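Here the structure is laid out as structure tokens; the discussion comes afterwards.
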Amino acid sequence: MPSLQNFDTKDEAFSHNCSYFCGNKPIKHNRFMKKMILAVLVLAGTWSSAWATEKTFNSPDGKLTVVVEDQNGIATYRVSQGTTVMIENSPLGLDTNMGNYTTDLTLASCEVKTVKESYDLRTIKQSHVDYEATEAVCSFEKQGKKVMDVIFRVSNRDVAFRYRILPQRDTKVCVVNEEASGFTLPDGTTTFLCPQSRPMGGFARTSPSYETSYSYDEPVGKNGWGEGYTFPCLFRVGDKGWVLLSETGVDGSYVASRLLNVQGGLYKIGFPQQGEGNGFGSTSAAVSLPCETPWRTITLGTTLANIVETTVPFDLVKPKYEASQPYIYGKGAWSWIIGMDSSCNYDEQKRYIDFAAAMGYQSVLIDAFWDRQIGYDKIAELAAYGKTKGVGLFLWYNSNGSWNDAPQTPIGKMDKSRQRRAEMAWMKKAGIRGIKVDFFGGDKQNMMQLYEDILSDANDFGILCIFHGCTLPRGWERMYPNYVASEAVLASENLHFGQGACDAEARNAATHAFIRNVVGSMDFGGSTLNKFYSADNKRGTHRVTSDVYALATAVLFQSSVQHFALAPNNLTDAPDWAIDFMKNVPTTWDEVKSIDGYPGKYALIARRAGDHWFIVGVNADKQPLKTTLDLSLYGKGADLLLYGDDAQLNGSVKTIKSGKKVTVTIPQNGGLVIVNK
Ligand code: CA
């Protein structure tokens with residue numbers, strides 16, 4: 001496709017047909033026309049430079065439209081869903097120490113093609129993905145020199161873009177100080193957002209770690225607690241639909257970003273806060289050229305279905321290395337959530353290995369202080385014992401380092417390559433399955449490099465990685481084959497720490513299904529069947545949700561390895577039907593379908609594993625949720641198990657026949673599960 005980079009924008013001759021380049025609008029106008037259009041636009045109050053070059057491209061199904069322009073030297077884009085503008089004209093560009101690519105820009109060319117790709121991935125919501133998108137590479141010039149491409153991808157539910165920064169003469173490296181990348185939500189949009197916390201706050205100065213509460217249906221225009229919001233960010237564009245903003249493809253070559261409010265409906269990409277990591281390290285990104293930055297992703301839908309079902313975080317990235325071996329996923333047990341630090345002793349862990357084996361589970365996670373309270377030799381003994389029962393071990397580690405005051409041990413084992421690889425060599429010898437690394441130090445580039453280094457070293461030794469006290473994963477399931485999941489959420493530990501979290505448990509679950517868990521595997525550690533968060537099951541914070549709710553969240557929350565908050569006593573004190581369900585529930589999935597819901601109120605989704613469809617629901621609303629479900633997923637004549645709650649949250653299971661509709665009621669803090677036998 002020809003490039004327009006040699007066209008002189010001042011030349012009146014180019015009032016020509018340019019349909020291959022500029023969509024349905026003429027690229028240039030003569031001076032009289034310019035004045036006319038200018039006058040009309042000014043009168044209409046919608047300023048747009050008559051000099052602007054414009055390019056339009058669509059999703060494969062034609063329903064999403066992106067328009068890219070160079071209005072007044074500013075690179076902009078906008079996004080429509082059908083005839084509704086969902087993202088209004090919004091800025092693009094970068095400020096680097098090689099040049100400022102946010103002003104005096106000219107859209108020189110735009111190459112459009114279709115991209116198709118199929119891939120398999122066991123560790124996300126969908127095991128096989130057929131991806132199709134329109135790709136547009138829009139090249140921008142400054143002072144006659146090509147300085148950057150903005151690469152767009154438009155699938156049937158997602159728009160994404162990233163920058164390709166080009167070398168200039170002998171300059172082959174640069175520092176990106178800021179991105180202009182913005183998102184202008186229309187008037188009337190409301191927000192479902194999670195504030196970014198200030199750095200070096202919270203427990204042992206470990207924030208930010210993506211552990212704050214959401215606000216619901218708030219108007220646009222706020223900036224969280226002054227520091228913006230953590231991704232992903234959900235918006236409701238009145239009754240027109242939904243927009244989820246996030247990013248993917250972030251690794252040690254860049255910083256992870258947050259979303260800042262500029263004013264009104266305009267939000268922009270924000271780089272990390274200076275104070276993260278105890279103030280050490282730059283907030284900028286250092287790159288070698290040419291470089292492609294992480295993708296900014298916009299998922300759109302008239303309902304929440306596209307949001308729940310999107311695979312955009314994984315569609316846009318590539319594996320960075322091969323899996324060193326076939327990895328084992330599945331279910332596990334975890335003493336710490338009920339028994340806390342003191343439970344990380346030899347006898348209790350042996351008891352949990354026996355419990356995991358009784359449940360048919362694949363692993364046990366041993367949390368902090370195992371190095372002191374059990375010791376390396378005894379851990380190796382436990383690993384050998386677990387192996388005889390088909391149970392592998394995950395071990396907790398502190399990521400520190402020098403970025404916060406978290407005192408838990410083992411510490412000083414994960415932050416530097418030599419110690420880390422020596423530790424992992426021991427793990428491999430002892431037959432350790434995986435690690436859970438906690439208490440990271442923010443989103444600066446040096447920290448993103450640490451995540452990548454831990455993952456790639458762990459793969460060399462056949463070790464799976466779970467992260468806690470950490471950033472959001474951004475495409476990592478596909479980028480790093482031994483990556484499992486991250487916390488990056490107010491997870492189950494808060495249910496132990498405070499009654500407020502227990503009281504808000506259902507509201508949070510009905511939120512994560514539409515926001516946090518949509519873009520990446522979530523290590524929540526839930527599905528408690530204890531009444532109380534204590535070993536004797538009589539004291540401490542108490543669960544207000546039902547047993548069926550616990551079953552439903554085992555399916556609602558997606559992670560290929562799930563360490564549930566079950567305890568050995570649940571074998572005798574929980575209902576048989578609940579234990580049987582928890583023994584058999586899958587953790588890897590083939591497909592997901594959104595059924596209904598509203599963030600913070602209720603969620604109904606369906607997941608498929610092989611021939612089994614699980615329809616699950618939770619309700620946080622005071623009002624019982626009465627709804628009629630279509631059972632056509634199951635085909636005719638199948639026997640289905642329906643787990644439900646009465647008004648007092650007493651659960652039961654009954655058999656129903658598929659092939660017709662069923663009306664169900666989910667009380668507040670209750671759950672629903674339907675699955676074919
Ligand atoms: Ca945490």
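The values are calculated or read from the model by the stated rules, or taken from the named source; none is laboratory data. Keep in mind it's a predicted model, so treat the numbers as computed, not measured. As a convention, Cβ positions derive from the backbone with ideal geometry for all residues, glycine included, and neighbour counts pool all protein chains shown.
A few remarks follow.
- Of the residues in region 512-526, none is over 11 Å from the mean Cα position of the chain (by Cα), more than 14 Å from the ligand (Cβ to nearest atom) and of a type outside the set (Gly, Ala, Ser).
- On inspection, TYR361 qualifies as outside any strand (DSSP E or B), within 23 Å of LYS583 (Cα to Cα), within 29 Å of the chain's Cα centre (by Cα) and of a type in the set (Ser, Thr, Tyr).
- Conditions (1) away from the ligand (no atom under 16 Å from the Cβ); (2) closer than 17 Å to TYR210 by Cβ: number failed by SER486: (1)
- Number of positions in region 640-655 that are of a type outside the set (Gly, Ala, Ser) and under 17 Å from ALA606 (Cα atoms): 4
- When each of LEU472, LEU495, LEU551 is tested for being over 26 Å from TYR321 (Cβ atoms) and within 15 Å of the ligand (Cβ to nearest atom), the lone residue that passes is LEU495.
- SER197 vs. criteria of a type outside the set (Lys, Arg), closer than 23 Å to SER486 by Cα and within 16 Å of the ligand (Cβ to nearest atom): yes
- Residues in region 177-185 include none that are surrounded by 15 or more Cβ atoms within 10 Å (Cβ to Cβ), among the β-branched types (Val, Ile, Thr), within 16 Å of the ligand (Cβ to nearest atom) and assigned by TED's automatic domain parsing to the domain that holds ILE74.
- Which numbered condition GLY188 fails, given (1) more than 16 Å from the ligand (Cβ to nearest atom); (2) within 20 Å of the chain's Cα centre (by Cα); (3) small (Gly, Ala, Ser): (2)
- When each of TYR210, TYR229, TYR216, TYR254 is tested for being under 19 Å from the mean Cα position of the chain (by Cα), within 16 Å of the ligand (Cβ to nearest atom) and outside the structural domain of TRP403 (by TED's automatic domain parsing), the lone residue that passes is TYR210.
- Here PHE203 fulfils each of the conditions (1) among the aromatic types (Phe, Trp, Tyr); (2) within 16 Å of the ligand (Cβ to nearest atom); (3) buried (at least 22 other Cβ atoms within 10 Å of the Cβ) apart from (3).
- Taking region 61-144 as the region of interest, the strands (runs of 3 or more DSSP E) fully inside it that hold 1 or more residues being under 30 Å from ASP239 (Cβ atoms) and at pLDDT below 95 are 64-71.
- With respect to the conditions (1) within 19 Å of the chain's Cα centre (by Cα); (2) surrounded by fewer than 18 Cβ atoms within 10 Å (Cβ to Cβ), VAL243 falls short on a single one, namely (2).
- Hey, GLU477 within 13 Å of the ligand (Cβ to nearest atom), closer than 20 Å to TYR329 by Cα, at pLDDT 95 or above and among the charged types (D, E, K, R) or not: no
- Residue ID - farthest from ASN404 (Cα to Cα), chosen from residues in region 423-442 that are in contact (Cβ under 8 Å) with a residue 60 or more places away in the chain and away from the ligand (no atom under 16 Å from the Cβ): ARG433
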